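One structure is given here, and the rest of the page talks about it.
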Amino acid sequence: MVREVDVAIIGSGPAGLTAATHAYKGGARKVLLLEREEELGGILKQCIHNGFGLEQFKQDYTGPEYAERLITELEKTGVQCFLNTLVTDLSSDRVIAALSPEHGALEIKAKSIVLAMGCRERTRPNIGIPGTRPAGIFTAGVAQRFVNIDGYLPGKKIVILGSGDIGLIMARRLTLEGARVIGVYEIMSYPGGLKRNIVQCLNDFDIPLHLSHTVTEIRGKERVEGVVISRVDAKLHPVPGSEELIECDTLLLSVGLIPENELSKKAGVELTTATKGPVTTEIMETSVPGIFTCGNVSTVFDLVDYVAQTGAAAGTFAARYASGGLGTSKQSVDIVAGENVRLLFPQRYGFEDDLVLFIRAAEPVEKPVTVEVAPLGSKINRPYARPNEMLRVKIPKGKLAEVKQSIRVSIREK
Ligand SMILES: Cc1cc2nc3c(=O)[nH]c(=O)nc-3n(C[C@H](O)[C@H](O)[C@H](O)COP(=O)(O)OP(=O)(O)OC[C@H]3O[C@@H](n4cnc5c(N)ncnc54)[C@H](O)[C@@H]3O)c2cc1C
């Protein structure tokens, strides 16, 4: 039997929870949230540290507390949730195939769909570290799950490669659990994670951060016995003669996150190499009409508050699409990266709503900058621009009405 719904949401992390609540608040009545795990909340369940919701709720929540707040909001609506339900296929005409022990093989036809599947971690094969293949190499998120949910310590003498936020958070967490974190090694000349995490997770615990360094070999037969660290030059090539052997039993990788885009590909959604997620408009619509996206499946955001914000937009507009209330003109312009911009979200403007732009600088500028949005002539001042801290800029719809070609965003020193 094919089930028919107004809005189906895939994934119940902060993006999916917020999208579901807003789809219901936006007028959709048959809203179905599909989640493969046995509980709602997504990755937040294993993020037991604080720092969530500072912007959105002006509260310093842990991940589970933040998720609970979103779940409480959801419970006030009539959204139906199917847990333990894995979505296995998605077509461009919005038919979902899913499997669940309770409901069996499901086929769901939705008037609109919100993709909220989150992101996955890059692993050793993604970055190709040479050496043996012993036990003791984990991604930082897997180690986070072991420690915070399963109650296992992944090792005692730990090296962390990459200074992404999850790695920084795990440096502190493992130290608190009694492990020795020897150091965090980062190939770039600037950190990957937020400044607040460098201070609170490394500096406060005397854990050194070595920039412009990488792991060039892993040693050990059954278990990791050590890693060789090398300095890298400006082209990120290891410098011969700079090798140093560091004895350790565990290597954690915190070397980036990638949108979970298998279902997006199956639905024929256009992806962009810049974010590795779907090409998206300001109302979170993908290139396939009626399929919307939000949170880290769209682009990897720095803050959960931004994830929830995109979830609210996706849910609201998915509900409007389902009711037939979205404009059909489909006029849109590209938003393109200009000087010193590595990444932009969204990448298209469709003249439906205000434009909230998330921008990542290509290179750090440690002095005042202006974000220029051409052809509007808008110049927005910011005290600095760093690749590890997204800039967010809001441009009202009224200002964009006359744009005919593309919108070009640049970051320039003042
Ligand atoms: C391993 C890991 C650890 C992280 N730790 C932190 C941290 O400590 N602090 C932090 O700020 N950020 C952390 N992040 C970043 C985190 O992704 C965001 O902060 C936030 O949780 C993103 O929200 P989301 O709703 O987009 O995705 P998620 O929270 O990842 O939620 C996605 C949900 O979709 C479900 N799903 C995926 N595919 C399917 C499918 N086919 N069928 C059904 N359900 C599906 C998943 O089970 C999951 O519940 C981590 C990310 C990862 C990958």
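If you go through region 123-145 and keep only what is at pLDDT 95 or above and either in a loop (DSSP other than H, G, I, E, B) or within 11 Å of the ligand (Cβ to nearest atom) (or both), you end up with 134, 136, 138, 139, 140, 141, 142, 143, 144, 145.
Would you say residue 86 is out of contact with any Phe, Trp or Tyr (no Cβ under 7 Å at 6 or more places or on another chain) and within 7 Å of the ligand (Cβ to nearest atom)? Against the criterion (out of contact with any Phe, Trp or Tyr (no Cβ under 7 Å at 6 or more places or on another chain) and within 7 Å of the ligand (Cβ to nearest atom)), residue 86 qualifies. The strands (runs of 3 or more DSSP E) falling completely within region 1-119 that include 1 or more residues that are within 21 Å of the chain's Cα centre (by Cα) and within 25 Å of residue 287 (Cβ to Cβ) map to 2-10, 31-34, 86-90, 104-115. The residue that is nearest to the chain's Cα centre (by Cα), counting only those in region 248-271 that are of a type in the set (D, E, K, R) and away from the ligand (no atom under 14 Å from the Cβ), is 270. If the condition is being near the ligand (Cβ under 9 Å from one of its atoms) and among the charged types (D, E, K, R), then region 302-316 contributes only 302. In summary, strands (runs of 3 or more DSSP E) completely within region 320-394 and bearing 1 or more residues that are in contact with a Ser or Thr (Cβ under 6 Å, 6 or more places away or on another chain) occur at 333-337, 341-345, 369-374, 378-382. The residues on offer are 171, 179, and the sole one that is closer than 23 Å to residue 200 by Cα and away from the ligand (no atom under 16 Å from the Cβ) is 179.
Of all residues in region 39-93, those that are touching a residue at least 60 places away in the same chain (Cβ under 8 Å), of a type outside the set (Gly, Ala, Ser) and either over 22 Å from residue 108 (Cα atoms) or touching a His at 6+ places or on another chain (Cβ under 8 Å) (or both) total 13.
Scan region 272-286 for residues that are more than 16 Å from the ligand (Cβ to nearest atom) and either modelled with pLDDT of 95 or more or surrounded by 24 or more Cβ atoms within 10 Å (Cβ to Cβ) (or both) and jot them down. The answer is 272, 279, 281, 282, 283, 285. Suppose we keep only residues that are at negative phi and surrounded by fewer than 18 Cβ atoms within 10 Å (Cβ to Cβ) within region 50-63. Which one would you say is modelled with the lowest pLDDT? For region 50-63, the residue satisfying everything is 55. When residue 163 is tested against (1) hydroxyl-bearing (Ser, Thr, Tyr); (2) farther than 24 Å from residue 363 by Cα; (3) touching a residue at least 60 places away in the same chain (Cβ under 8 Å), just one condition goes unmet, and that condition is (2). Restricting 46, 56 to those that are within 9 Å of the ligand (Cβ to nearest atom), polar (S, T, N, Q) and in contact with a helix residue (DSSP H, G or I) (Cβ under 7 Å, 6 or more places away or on another chain) reduces the list to 46.
The values are calculated or read from the model by the stated rules, or taken from the named source; none is laboratory data. These numbers come from a predicted model, not from an experiment. Heads up, the Cβs are rebuilt from the backbone with ideal geometry, glycines too, and the neighbour counts pull from every protein chain shown.
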